[in-house]
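No value in this document is a laboratory result; all are computed from the given coordinates. It should be emphasised that the depicted structure is a prediction, and the values quoted were computed from it without experimental measurement.
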Amino acid sequence: MVDSNGTLTVKGEMVPGVVERIHRLQSLGVNVVMISSDQRGNARALALSSGIAYYEANNSREKEDVLLSLGSNNVAAIGNARIDIGLFVQSIVSIATLQSEGIHKDIIDHVDVIVPSINDALDFFLDEDTFIATMKR
């Protein structure tokens, strides 16, 4: 599960390299889903053009409900905003991205990993050694 604003996009524009990484994940059998409040009004179009499923949710509880309706057994969440806390709480792995739109301080206690960018977050799942090293107890 990924958020749009400040996560897949910065100022409404898809971050370069994201679509290619999404397609690599999909080729590995990963189902990438965007859940967004669509603050900028283009999330549905971005999801469609990227080949990922889209769900609109207007608050944290709605995002959590979408995630639960899809099943949270094997879900990772990537986001940057307070609205993503419901996703983080219900996910097996949660990642915050530190891109130019910032992150909300309240998410820090709800994420497992913090990375500099969405591309780093997607690469986290593409590189098994990175994932294992970071998540190892």
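A compact table of results
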item	result
Spatially proximal lysines relative to K11 (Cα-Cα < 28 Å; intrachain offsets below 8 disregarded)	K63, K105
Kyte-Doolittle mean at least -0.5 and Cα axial length at least 27 Å: DSSP H helices in the chain	none
Mean separation of Cα contacts under 8 Å (6+ apart) over length of the chain, as relative contact order %	24 percent
